[in-house]
């Protein structure tokens, strides 16, 4: 069971935020031949590896008849200020049709070397506005958890950053993949007797199950319905090698 305690006020704040733009289920927003840039930190950098969420999103789209190209733009340790500084070089210059933005974990996790909420709001808003001015459609990903414990102080602070992302997605008419909510929902299903991490290797970076959780959230935000998600998941299963006689 997830503890509430400190989370009560934040949960109320989140509940008051209007929903971001959504896509009709089954109507895939990404079209055949389009390019998707994935801007983020080490979670996104690792997500571009085999089995990572970036790779799984592309495979999931292809399983549903949409051949898209990934532009990986994740760099380990990066925060919102660094992503803003390299936006032109790593994203806009490559002319993507879409960009997913995953940013917030390091802004909070790095403490005194992180980015305070007021400056984070400025940085993220500029990233979204510059993309939209260049004709790039944006999907905002809420930040996943810092350790698999929603009630710890880092996640309480991170919730205020995620609340802003909800607001910005609505204001700027961006798609929103609420990966933090998806992660908490998965953890809530766990048996109380379970020990260790469920979705991450180290409390932050995704394991195979966590990468599938993230990819599912992104694909749902792109408009894939339950049947299409099932097709995507089938494409993620590596075929077993058949022994030759």
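Overview of values
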item: Top-ranked residue in region 170-185 [being touching a helix residue (DSSP H, G or I) at 6+ places or on another chain (Cβ under 6 Å) and assigned to a helix (DSSP H, G or I); ranked as surrounded by the most Cβ atoms within 10 Å (Cβ to Cβ)]; result: 179
item: Of all residues in region 198-209 being surrounded by 15 or more Cβ atoms within 10 Å (Cβ to Cβ) and touching a residue at least 60 places away in the same chain (Cβ under 8 Å), the one that is nearest to residue 154 (Cα to Cα); result: 204
item: Test for residue 90: is it touching a helix residue (DSSP H, G or I) at 6+ places or on another chain (Cβ under 7 Å) and within 26 Å of residue 164 (Cα to Cα); result: no
item: Pairs, first closer than 16 Å to residue 177 by Cβ in region 41-60, second surrounded by 19 or more Cβ atoms within 10 Å (Cβ to Cβ) and modelled with pLDDT under 95, C-beta under 7 Å, six or more apart; result: none
item: Evaluation of residue 112 against (1) out of contact with any helix residue (DSSP H, G or I) (no Cβ under 7 Å at 6 or more places or on another chain); (2) surrounded by fewer than 23 Cβ atoms within 10 Å (Cβ to Cβ); (3) over 22 Å from residue 205 (Cα atoms) (one fails), failing number; result: (3)
item: Condition check for residue 150: under 19 Å from residue 108 (Cα atoms), part of a loop (DSSP other than H, G, I, E, B) and touching a helix residue (DSSP H, G or I) at 6+ places or on another chain (Cβ under 7 Å); result: yes
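Rundown of residues vs (1) more than 30 Å from residue 235 (Cβ to Cβ); (2) under 15 Å from the mean Cα position of the chain (by Cα), yes/no style:
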| position | (1), (2) |
| --- | --- |
| 67 | no, no |
| 74 | no, yes |
| 100 | no, yes |
| 109 | yes, no |
| 132 | yes, no |
| 138 | no, yes |
| 141 | no, yes |
| 169 | no, yes |
| 178 | no, yes |
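The values are calculated or read from the model by the stated rules, or taken from the named source; none is laboratory data. The shown structure was predicted, so the numbers you read here are calculated from the model rather than taken from an experiment. Please note: Cβ atoms are built from the backbone with ideal geometry, for glycine as well, and neighbour counts cover all protein chains shown.
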